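> I'd like to ask some things about the structure below.
The values are calculated or read from the model by the stated rules, or taken from the named source; none is laboratory data. The structure presented is a predicted model; accordingly, all values stated were derived computationally and were not measured. Reconstructed Cβ throughout: ideal geometry from the backbone, glycine too, with neighbour counts over all protein chains shown. Note: accessible area is taken over every heavy atom of the protein model, side chains too, but ligands, DNA and RNA are not part of it. Shrake-Rupley method; radii C 1.70, N 1.55, O 1.52, S 1.80 Å.
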Amino acid sequence: MSETTSTNEENKLPLNGRRAIPPNYSNDEENEVPEMEAFGLIPRGFNPRDYLRVVDIYMFKEPQEINKQEHHTDKYYNPKLIVRRGQAFQIQIDFNRPYQPQSDQFWLEFLMGRYPQQNKGTYIPISVGSALKPGQWGAKIIHRQNNSIRLSIMSSATCIIGKFRLYVAVLTPYGILRTRRNSATDTYILFNPWCQLDAVYLDDEKEREEYVLNDVGIVFHGNAEDVKSRSWSYGQFEENILDACLFLMDKAELELSGRGNPIKICRVASAVINSRDDDGVIAGSWNNSYDYGVAPSAWTGSVDILLEYYSSKQPVRYGQCWVFAGVFNTFLRCLGIPARLITNYSSAHDNNANLRMDFFLDDEGKVDTRLTKDSVWNYHCWNEAWMTRPDLPVGFGGWQVVDGTPQETSDGMYRCGPASVQAIKHGHVCFQFDAPFVYAEVNSDIFYTRMEKNGTQVVENIDTTRIGQLIVTKEIGGDGMVDITEEYKFREGSDEERLALETAVMYGVKKQSIQDTTYQPQTDVDMDFQAQKAVLGNDFKVTITFRNKSRNSYTATAYFLGNIVFYTGVPKSEFKKHSFSAKLEPSSSSSFDVVIKSSEYMRDLLEQASFHFFVTARINETGKILAVQKAVMLEIPTLRIKTKGELVAGKETSVIVEFTNPLKQTLENVTLRLEGPGMLRTIKKQFGRIPMNSTLTWEVKFTPMRAGLRKLIASLNSDALRHVYGELNVQIQKP
């Protein structure tokens, strides 16, 4: 007797005066479902075997079978059934005798979580009817043979996504008989961009193939004048990745009942992708020291990061913006939300969203690094996710900015988005979430302000075109770059641009008008500079050009300042200072060269080989100051990848990675990584050192499992050299 009381005690819910049941945010936890649910006392002669009984359930869950083929889920490396919501799928039930519709009654039950409730969408009973309604739960018999029936089941186009448990329930006069818990019949239901009733519906097949089904992407980095690209393996179909992505929603404590809404999912995911304030997936580090972790530049894709987090439940070290964006993209595509990775060149990290980045100059016109706090990132990566926005007025659905890199808090947590790209373009920054911050990232102006001795600020120069000068993403169906700047903003100086700015200011974006400050720029002299393309470890030349458009002769005193910077624009060290005088003849141009020697920069160089140059020039006759700044990236050597022998699915082959050290020093602590999504799980190898000018060769044997076009991606990481990549497209033949 005491035993039954103790189990009853255990089954009682924890007492809580505020809610009847505890919050339900674990997809993994389960409740006990009785196999026999009696209506009352059961008569002695009752034998369940006398009634209709389920012998077996067949889920058609193999990659080549109908369900995974029709639902575009055949690429998932997962043995269970995976379907997309709002679209019919089939199962077969074998009974102990032929099914008799007149006398037999059965239904299906889909359950999720520990406290399934029908009104929360976590308990879904489905009775068998004669017809299916689009986008609503239902089932109908499409085939009967002997003791078997085949059902077509329609899921709701708004149902929650995740892993459901399936039971078949049969009605008897004395109670309900259910199938036993069987994890082989578990069913994953995902978002469906192919279904018109789904909030993430995308109407172009080529776009769906790219933004949902492509498991490799391109990260664009470098700077706007010198765009660089590298491949990233999203790997959303790899083993255990789907479970890892569902776990992220458990970790973010998103109620199961909210998991049908892509807006909610994106919002909580943008917080849980970074480890700030919730022990999320990736710990960021921007300080060039990556002890006890992996340097952000060494990762070749998302799979290792997600699997490590799923098993350890501890933040994975380390990431920077493209790592957060790469993992976020995997998460979104894995769940069926169309997503793409975006790079914004010259991205303003504006701490107070006032559309103004301040660079302070001293009396002579040199940049005052002490007072200057704002930074312009060479580039910043975020994501766009595709969905309707029923919470906003019509016209603001479509691409939404979501950003997992921790920059500023939003509603008390480090997260950003979803913010409608359309709303940002038109200046409607009042619409949630975080639109003013994204608007500032692409629209701020750079103010060069001189501090006078008495503390007044004089604006010497304003650069309105540099911030957000180029916004790009990968093209559909290829590795090229597509310029999407016009999706975020109207052309600089156009009437529409001015109107969008006025709208943004009306909705609370702070913008100091020029009238508040005394500002009379020198308009008849232009200054610009160009840097020669340079390979890491070599000397290079920077050319500064003045164009005097007036009929006056001028003389200028110019200051050239070179900083070694993090890609976030934050200086690490000043390595070059140079000043010179220039004579500017009327209506003519004059150029001046500054040579940068490798011995000046190699010692302090950071991993992205990135410099930031400021040139300021004071026109002596007028006292006016010209100012220009640019980021310059050095060419980093690449890895060479080649394959040996023929590439046939199911047959062993080998790949060779080669690298020649171009530096005038030995590389220490060298690590190579190689992966090929859908073909080769990440392999790592440590090499002690590579002396200067010597070549390292690494051969890896592997067996590709599937035919088709795949990509091999490799990275090299060492103490003195990072961001070294190589890639190779390979065609795997059918056996």
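> Look at residue 81 and say whether it is in contact with a Ser or Thr (Cβ under 6 Å, 6 or more places away or on another chain) and among the aliphatic types (A, V, I, L, M). Give the steps one after another, and end with the answer.
Numbers: in contact with a Ser or Thr (Cβ under 6 Å, 6 or more places away or on another chain): yes; among the aliphatic types (A, V, I, L, M): yes.
In short, yes.
> Continuing with the same structure: Are any residues in the range 553-570 under 21 Å from residue 588 (Cα atoms) and either of a type in the set (S, T, N, Q) or surrounded by fewer than 20 Cβ atoms within 10 Å (Cβ to Cβ) (or both), and if so, which ones?
Within the range 553-570, 553, 555, 557 meet the criteria.
> Could you please find all residues in the range 396-430 being without any contact (Cβ under 8 Å) to a residue 40 or more places away in the chain and in contact with a Ser or Thr (Cβ under 9 Å, 6 or more places away or on another chain)?
Selection gives 396, 397, 398, 410.
> Looking at the range 442-465, which of its residues are free of Cβ contacts under 8 Å to residues at least 60 places away in the same chain and touching an Asp or Glu at 6+ places or on another chain (Cβ under 7 Å)?
462, 464, 465
> Would you confirm whether or not the range 555-564 contains a residue that is free of Cβ contacts under 8 Å to residues at least 40 places away in the same chain, outside the structural domain of residue 343 (by the TED database) and over 41 Å from the mean Cα position of the chain (by Cα)?
Our first condition is that a residue be free of Cβ contacts under 8 Å to residues at least 40 places away in the same chain; within the range 555-564, this holds for none.
Checked against the condition, which is being free of Cβ contacts under 8 Å to residues at least 40 places away in the same chain, outside the structural domain of residue 343 (by the TED database) and over 41 Å from the mean Cα position of the chain (by Cα), the range 555-564 yields no hits at all.
> Also, quick follow-up: Mind checking which strands (runs of 3 or more DSSP E) fall wholly inside the range 462-540 and carry at least 2 residues that are in contact with a helix residue (DSSP H, G or I) (Cβ under 7 Å, 6 or more places away or on another chain)?
The qualifying strands (runs of 3 or more DSSP E) are 470-474.
> So, residue 579, is that one under 30 Å from residue 452 (Cβ atoms), assigned to a strand (DSSP E or B) and modelled with pLDDT under 85 or not?
Numbers: under 30 Å from residue 452 (Cβ atoms): yes; assigned to a strand (DSSP E or B): yes; modelled with pLDDT under 85: no.
Judged against the criteria, residue 579 is not a match.
> So if I check each of 675, 621, which one is open to solvent by less than 20 Å² (accessible area, probe 1.4 Å), touching a strand residue (DSSP E or B) at 6+ places or on another chain (Cβ under 7 Å), modelled with pLDDT of 90 or more and among the acidic types (Asp, Glu)?
Exactly one of 675, 621 is open to solvent by less than 20 Å² (accessible area, probe 1.4 Å), touching a strand residue (DSSP E or B) at 6+ places or on another chain (Cβ under 7 Å), modelled with pLDDT of 90 or more and among the acidic types (Asp, Glu), namely 675.
> Condition check: open to solvent by 10 Å² or more (accessible area, probe 1.4 Å) and at pLDDT 95 or above. Does residue 340 satisfy that? If you could, list the steps in order and put the result at the bottom.
Numbers: open to solvent by 10 Å² or more (accessible area, probe 1.4 Å): yes; at pLDDT 95 or above: yes.
It is true that residue 340 is open to solvent by 10 Å² or more (accessible area, probe 1.4 Å) and at pLDDT 95 or above.
> If you scan the range 278-297, which residues turn out to be closer than 13 Å to residue 405 by Cα and surrounded by fewer than 23 Cβ atoms within 10 Å (Cβ to Cβ)?
Selection gives 283, 284, 285, 286.
> Being closer than 18 Å to residue 422 by Cα, open to solvent by less than 10 Å² (accessible area, probe 1.4 Å) and polar (S, T, N, Q), is that true of even one residue in the range 343-363?
The answer is yes, given that some residue of the range 343-363 is closer than 18 Å to residue 422 by Cα, open to solvent by less than 10 Å² (accessible area, probe 1.4 Å) and polar (S, T, N, Q).
> Sticking with this one: Taking the range 641-672 on its own, how many of its residues are in a strand (DSSP E or B) and either in contact with a Cys (Cβ under 7 Å, 6 or more places away or on another chain) or open to solvent by less than 60 Å² (accessible area, probe 1.4 Å) (or both)? Spell out the reasoning first.
From the range 641-672, those in a strand (DSSP E or B) are 641-644, 648, 653-660, 667-672; that's our starting set.
Those left that are additionally either in contact with a Cys (Cβ under 7 Å, 6 or more places away or on another chain) or open to solvent by less than 60 Å² (accessible area, probe 1.4 Å) (or both): 641, 643, 648, 653-660, 667, 670-672.
Number satisfying all stated conditions: 15.
> Follow-up. Can you tell me which of (1) in contact (Cβ under 8 Å) with a residue 24 or more places away in the chain; (2) closer than 25 Å to residue 501 by Cα; (3) surrounded by fewer than 24 Cβ atoms within 10 Å (Cβ to Cβ); (4) not small (Gly, Ala, Ser) is the one residue 383 doesn't meet?
Among (1) in contact (Cβ under 8 Å) with a residue 24 or more places away in the chain; (2) closer than 25 Å to residue 501 by Cα; (3) surrounded by fewer than 24 Cβ atoms within 10 Å (Cβ to Cβ); (4) not small (Gly, Ala, Ser), the lone unmet condition for residue 383 is (3).
> If you don't mind, there's one more thing I want to ask. Report yes if some residue within the range 720-729 is touching a helix residue (DSSP H, G or I) at 6+ places or on another chain (Cβ under 6 Å) and either open to solvent by less than 50 Å² (accessible area, probe 1.4 Å) or not in a strand (DSSP E or B) (or both); otherwise report no. Working first, answer last.
As a first pass, look at the range 720-729 and keep what is touching a helix residue (DSSP H, G or I) at 6+ places or on another chain (Cβ under 6 Å): 722-723.
Add one more test, that the residue is either open to solvent by less than 50 Å² (accessible area, probe 1.4 Å) or not in a strand (DSSP E or B) (or both), and what stays is 722-723.
Within the range 720-729, one or more residues are touching a helix residue (DSSP H, G or I) at 6+ places or on another chain (Cβ under 6 Å) and either open to solvent by less than 50 Å² (accessible area, probe 1.4 Å) or not in a strand (DSSP E or B) (or both).
> Within the range 127-144, how many residues are polar (S, T, N, Q) and modelled with pLDDT under 95? Outline the logic, then answer.
From the range 127-144, those polar (S, T, N, Q) are 127, 130, 136; that's our starting set.
Now drop any that are not modelled with pLDDT under 95, which leaves 130.
The qualifying residues number 1.
> When you look at residue 681, is it in contact (Cβ under 8 Å) with a residue 24 or more places away in the chain, in a strand (DSSP E or B), among the charged types (D, E, K, R) and surrounded by 13 or more Cβ atoms within 10 Å (Cβ to Cβ), yes or no? So that I can check it myself, show each step before the final result.
Details: in contact (Cβ under 8 Å) with a residue 24 or more places away in the chain: yes; in a strand (DSSP E or B): yes; among the charged types (D, E, K, R): yes; surrounded by 13 or more Cβ atoms within 10 Å (Cβ to Cβ): yes.
Judged against the criteria, residue 681 is a match.
> Then there's this: At least 1 residues that are surrounded by 14 or more Cβ atoms within 10 Å (Cβ to Cβ) in each: list the strands (runs of 3 or more DSSP E) lying fully within the range 31-132 that qualify.
Numbers: elements: 36-38, 54-58, 81-84, 88-95, 106-111, 123-129.
Answer list for the range 31-132: 54-58, 81-84, 88-95, 106-111, 123-129.
> If you take the residues of the range 587-605 that are open to solvent by less than 50 Å² (accessible area, probe 1.4 Å) and not hydrophobic (A, V, I, L, M, F, W, C), which of them is farthest from residue 289 (Cα to Cα)?
Per the stated criteria, the residue is 588.
> Just to be sure I understand, how many residues within the range 174-227 are aromatic (Phe, Trp, Tyr), open to solvent by 30 Å² or more (accessible area, probe 1.4 Å) and modelled with pLDDT of 95 or more?
Qualifying residue count, the range 174-227: 2.
> In the list 573, 550, which residue meets the criterion of being out of contact with any Gly (no Cβ under 6 Å at 6 or more places or on another chain), assigned to a strand (DSSP E or B) and surrounded by fewer than 18 Cβ atoms within 10 Å (Cβ to Cβ)? Spell out the reasoning first.
On the way: 550 fails: assigned to a strand (DSSP E or B).
Every option except 573 fails the conditions.
> Residue 219 passes all but one of (1) assigned to a loop (DSSP other than H, G, I, E, B); (2) outside the structural domain of residue 52 (by the TED database); which number fails?
(1)
> Just wondering, is there one or more residues in the range 451-461 that are at pLDDT 90 or above, among the aliphatic types (A, V, I, L, M) and open to solvent by 20 Å² or more (accessible area, probe 1.4 Å)? Step through it out loud before you land on a result.
Here is the first cut: in the range 451-461, the residues at pLDDT 90 or above are none.
Checked the range 451-461: no residue is at pLDDT 90 or above, among the aliphatic types (A, V, I, L, M) and open to solvent by 20 Å² or more (accessible area, probe 1.4 Å).
> Now for a separate question. Can you run down the residue pairs with Cβ atoms below 7 Å, 6 or more apart or on separate chains, where the first is in the range 565-578 and within 15 Å of residue 602 (Cβ to Cβ) and the partner is among the β-branched types (Val, Ile, Thr) and assigned to a strand (DSSP E or B)?
Here the result reads 572/564; 572/565; 573/564; 575/564; 576/596, each pair linking the range 565-578 to a residue that is among the β-branched types (Val, Ile, Thr) and assigned to a strand (DSSP E or B).
> Okay, next question. Any idea which residue in the range 432-450 is farthest from residue 614 (Cα to Cα), counting only those that are among the acidic types (Asp, Glu) and either open to solvent by less than 30 Å² (accessible area, probe 1.4 Å) or in a strand (DSSP E or B) (or both)? Outline the logic, then answer.
Narrowing the range 432-450 to residues among the acidic types (Asp, Glu): 434, 441, 445.
Filter once more, so that each one left must be either open to solvent by less than 30 Å² (accessible area, probe 1.4 Å) or in a strand (DSSP E or B) (or both): 441, 445.
Numbers: 441: 21, 445: 16 Å.
Out of the qualifying residues, it is 441.
> Next up: Give all pairs with beta carbons closer than 6 Å in which a residue from the range 496-509 that is closer than 14 Å to residue 431 by Cα and open to solvent by 50 Å² or more (accessible area, probe 1.4 Å) meets a residue that is at pLDDT below 85 and outside any helix (DSSP H, G or I); count only pairs at least 6 apart in sequence or on separate chains.
What qualifies is 505/511.
> Related question: Please go through (1) surrounded by fewer than 21 Cβ atoms within 10 Å (Cβ to Cβ); (2) within 26 Å of residue 223 (Cα to Cα); (3) β-branched (Val, Ile, Thr) for residue 697 and return the number of the only condition it doesn't satisfy.
Condition (2) is where residue 697 drops out.
> Any chance you could count how many residues in the range 240-260 are assigned to a loop (DSSP other than H, G, I, E, B) and in contact with a strand residue (DSSP E or B) (Cβ under 9 Å, 6 or more places away or on another chain)?
Summing the residues that are assigned to a loop (DSSP other than H, G, I, E, B) and in contact with a strand residue (DSSP E or B) (Cβ under 9 Å, 6 or more places away or on another chain) in the range 240-260 gives 1.
> Among the residues of the range 161-176, is there at least one that is more than 24 Å from residue 29 (Cα to Cα), out of contact with any strand residue (DSSP E or B) (no Cβ under 7 Å at 6 or more places or on another chain), without any contact (Cβ under 8 Å) to a residue 40 or more places away in the chain and not in a loop (DSSP other than H, G, I, E, B)?
No, the conditions are met nowhere in the range 161-176.
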